[in-house]
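Read through the structure below, which is laid out as structure tokens, and then see the notes.
Every read-out reported here was derived from the displayed coordinates using simple, explicitly stated rules and does not represent laboratory data. None of these values were measured; they are calculated from a predicted model. We place every Cβ from the backbone using ideal geometry, glycine too, and count neighbours over all the protein chains shown.
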Amino acid sequence: MQTVAHILQAKDDATVHVISPYATVLDAIKQMAEHDVGALLVVDAGRIIGIVSERDYARKIVLKGRASDTTTVSEIMTSPVMTVHPSQTNEECMALMTENRFRHLPVMKDGSLIGIISIGDLVKDIISEQQFTIRQLEYYISGARA
């Protein structure tokens, strides 16, 4: 299994998108759409205090009939935020996401935010590993050199 550090290096865009807890949910949804991401880290005074996702929007705004233009991010964000370290494996991250039913994990190193990984990043990494293994087995079976 690959490490989180490897997964971050393989990402096309390692930008971490953040929003203030005082912004409106409408602003958050617009920012997610603009950057084509499913979640934003909620940061106040340089500290991660939560995460807001499309799931939070669907369940805490749409289904409850609340107004996204008057509700603040802090009212619907998920907090506290679970984080991972760059040395953790894909498998460990998948287990955390599955057990806790979330799709995004901020990556912290020495107290600093260095990236964020999604379930999509993890699946892409697993598929890549499987394709590599399949190619190696094909070479082995056919007797060809890799």
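Scanning the range 129-145 for residues that are free of Cβ contacts under 8 Å to residues at least 40 places away in the same chain, assigned to a helix (DSSP H, G or I) and not β-branched (Val, Ile, Thr) yields Gln130, Gln131, Phe132, Arg135, Gln136, Leu137, Glu138, Tyr139, Tyr140, Ser142. Residues in the range 102-123 that are in a helix (DSSP H, G or I) and either more than 18 Å from Asp12 (Cβ to Cβ) or touching a residue at least 40 places away in the same chain (Cβ under 8 Å) (or both): Asp121, Leu122.
Between Ala28, Ala39, Ala23, the distinction of being surrounded by 12 or more Cβ atoms within 10 Å (Cβ to Cβ), touching a residue at least 12 places away in the same chain (Cβ under 8 Å), over 15 Å from Ile117 (Cα atoms) and under 16 Å from the mean Cα position of the chain (by Cα) belongs to Ala28 only. Kindly provide the set of residues from the range 93-141 that are surrounded by 16 or more Cβ atoms within 10 Å (Cβ to Cβ) and among the hydroxyl-bearing types (Ser, Thr, Tyr), ordered by number. Passing the criteria: only Ser118. The single condition from (1) among the basic types (Lys, Arg); (2) in a loop (DSSP other than H, G, I, E, B); (3) surrounded by 13 or more Cβ atoms within 10 Å (Cβ to Cβ) that Arg55 fails is (2).
The criterion of being under 18 Å from Ser118 (Cα atoms), of a type in the set (Gly, Ala, Ser) and in contact with an Asp or Glu (Cβ under 9 Å, 6 or more places away or on another chain) holds for Ala10.
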